[in-house]
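Please read the structure below before turning to the comments.
Every number in this text was worked out from the coordinates using simple rules, so none of it is lab data. Given the structure is predicted, the values throughout are model-derived calculations rather than measurements. Ideal geometry is used to build each Cβ from the backbone, glycine not excepted, and the neighbour counts take in all protein chains shown.
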Amino acid sequence: MLAPSSAGFRALWPLLKPHRRRLLLGGLCMLVFVACWPLLAWLAGQLIPAIGAGDLPAVARTIGAALVVFMVQKAAQFGQDILLAGPALRVSQELRRSLFARLQTLDFGALEKLSAGDLTYRLTEDADRVGEVIYKTIQDTTPSALQLVVVLGYMVWLDWPLALATLLLAPVVALLVSSFGARVMGAAERSQKQVSDLASLLGEAIGGLPLVRAFAAEPWLQERFNTEIDLHRQARYRTLRLLALQHPVVGFIEAAGILTVLLVGAARIQAQGLDSQGFSSYVAALLMLIDPIGHLTTNFNELQQGQASLKRLRAIESEPVEKPDSVRAQPLGAVRGELLLDQVSFGYDPASPVLHSVSLQVQPGQVVALVGPSGAGKSTLFSLLLRFNIAQTGQVLLDQQNLVDLRARDLRQAIALVPQQSSVFSGTVAEAIAFGRPASPEQIREAARVANASGFIEALPGGYASRIEERGSNFSGGQLQRLAIARAVLGDPAVLLLDEATSALDAEAEEAVQMGLRQAMKGRTVVVIAHRLSTVQEADQILVLDSGRIVERGSHNQLMATAGRYRELCERQFIHLQA
Ligand code: ADP
């Protein structure tokens, strides 16, 4: 019954291997715990007739013995629970760790398909549920199943015809349990899908709340949210209804079973197949079956729900990962910063390219500005330079080495990105600049100095140890941009990819950022997605991209002299930023 649906979990067995010793010791405790049950049933068989006969010394002896057995059993249970909890938790931790590691290597295309809310749900709720199932399976399902087997064995030994009658009832219960289990699983899967839809919507909605308010679209969003939570309630209700139905039905079958057994037992005593002591032991043993059956039923349901969660977690593993480094990949020595794109074409869907035969040469230390309307392919070009994506035809070279022949890590140390949205992780200022790279306090201070950030950082009460809240909410836009510049220059990259922010800062903040940028650009090759007139005016080369093609190239003055696409763009796009 458990076999097909537990297949997903069985794949997790290898993760338990390193914990064999603890599992073995826990298993021993479990055996002691389980072995106490028939002993207790036997003692009950002794006790009840002794009570009936008013034999006080016999009653006292039996109760004393039962107390000792109980003590041993509870100690063994403690040992079992404590010894098995560790490995179970480690397996779920390992699962979460490996999935997060996988997430970090996923192909960017795949990553963009998965919503942040959905992924968060999977790595928290789903992972918790799977962890719970692993824990329950090891620490509860296994001893319950063992208890069932041992106690049933004892009952067969006591009187097999009576045991046979009992066992005939078991398939009825099992059938009910499994048919319900399948339905509960279906309902649970639908309800979890609803929760993750809800999480996605929330993720989107919370990010977009200002926008919604700006468009006075609150009723529309509320309506969407209401529909989503209603679907969620319905799905959840269907699961709960099934669960509610399951308990009384299974409970009634159990009660009917016990009453039937009592009837058959009375007949067996009459036929002298069993004495009253044996029958008392039998009834006590029968009562000892109720608990493990209950546990197995509940755990089976949880296993079904966990199965759905595990499936959703494991789906992350089937997403494509970033192309690994070539086996021929050579370490990248000192980088001069020469970039060459040779007839590069690329499409997220290879059938519809978004870059067409783009060629470009940038000498070390040159500044190249990319301009063009939104959707022209500027960010896509950046993604090729960082090897987030790989050109389908043509090649991209850094210092005359093809990017696909480099190690991604080396490449991304040589080429640093200052993104348009200066997102920083929460933590201290020093941590935000170092961003996981080994850096001395001097190096961090130097990077901040270059980015024109040291002034404001040192003025903070905590200096470099000041905390940045989530999404940098306690820093101004200009400060965050300078932190992002410091982060980029920390590794002393030869090439800087700069995506200029479009949102205007006030003049003073703008000036501070510009100064940081100018210092950061010094001595580096810079490719900049330009939104400011000053940037294009100072660039050595300007490339005008339109629909994935370079339509014009030259300096600002050269391009302004021809009444082409650039001049048109300049007049439309940059004039208002001139101030
Ligand atoms: P720009 O940066 O110039 O605004 P992009 O490089 O972002 O332009 O986009 C170029 C084209 O590629 C656009 O048509 C855009 O819709 C498409 N595009 C961008 N990113 C993706 C992606 N991850 N998957 C599919 N298409 C994309």
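Hull volume per residue, based on the alpha-carbon atoms of the stretch 106-202 and their convex hull, is 118 Å³. As a length-normalised measure over Cα pairs under 8 Å and 6 or more apart, the relative contact order of the chain settles at 14 percent.
Counted by neighbouring Cβ atoms within 10 Å, the residues W37, W13 run from fewest to most as W13, W37. The value of relative contact order for the stretch 9-317, using C-alpha pairs under 8 Å at least six residues apart, is 33 percent.
Put the Cα centre of the stretch 401-446 next to the Cα centre of the stretch 40-115 and the gap is 48 Å. When the GluC sites (Glu not before Pro) in the stretch 395-469 are filtered for DSSP coil states and for at most 13 other beta-carbon atoms within 10 Å of their beta-carbon, the remaining sites are E469. Using the empirical formula 2.2 N^0.38 Å as the baseline, the Cα radius of gyration of the stretch 1-136 reaches a ratio of 1.65. Applying 0.36 nm per residue to the separation of D540 and L209 and subtracting their alpha-carbon distance, the gain on full extension is 115.0 nm. Per-residue extension of 0.36 nm, minus the Cα-Cα distance of I82 and R61, leaves a gain of 4.4 nm for this segment. When shorter helices are ignored and each DSSP H run of at least 4 residues is given -39500 (n - 2.57), the per-residue value for the chain at 222 nm works out to -21000 deg cm²/dmol.
Looking at the stretch 479-579, the trypsin sites (Lys or Arg not before Pro) that sit in a DSSP loop and have at most 13 other Cβ atoms within 10 Å of their own Cβ are K522.
Alpha-carbon geometry of the stretch 9-317: the Rg and the Dmax are 25.6, 87 Å, given in that order. Only Cα pairs under 8 Å and 6+ residues apart enter the sum, and on that basis the relative contact order of the stretch 1-114 stands at 38 percent. Among the chymotrypsin sites (Phe, Trp or Tyr not before Pro) in the stretch 200-254, those located in a DSSP loop and surrounded by at most 12 other Cβ atoms within 10 Å of their own Cβ are F215. Between E125 and R224, the FRET efficiency estimated from the beta carbon spacing at R0 = 30 angstrom works out to 0.85.
With 28 Å as the limit, the listed pairs K136/K323; K136/K193; K17/K311; K323/K522 have K136/K323; K323/K522 beyond it between alpha carbons.
Using the alpha carbons alone, the radius of gyration of the stretch 339-572 stands to its Kirkwood radius in an Rg to Rh ratio of 0.98. Per-residue Karplus couplings for the stretch 162-172, computed as 6.51 cos²θ - 1.76 cosθ + 1.60 with θ equal to phi - 60°, are listed in order as 5, 5, 4, 4, 5, 5, 5, 6, 4, x, 4 Hz, Gly and Pro entered as x. Scanning residues 5 or more positions from I468 or on other chains, those with amide H under 5 Å from its amide H are G427, T428, V429, with H placed 1.01 Å from N in the peptide plane.
For the stretch 339-572, the antiparallel share of DSSP beta bridges with both residues in that region comes to about 55%.
Taking amide hydrogens as placed 1.01 Å from N in the peptide plane, the amide H of E500 sits under 5 Å from those of I529, H531, each at least 5 positions away in sequence or on another chain.
Computed with the Debye formula from one identical point scatterer per Cα of the chain, without solvent, the log10 of I(q)/I(0) at q = 0.11, 0.12, 0.13 Å⁻¹ comes to -1.10, -1.23, -1.35. Scanning residues 5 or more positions from V321 or on other chains, those with amide H under 5 Å from its amide H are D107, with H placed 1.01 Å from N in the peptide plane.
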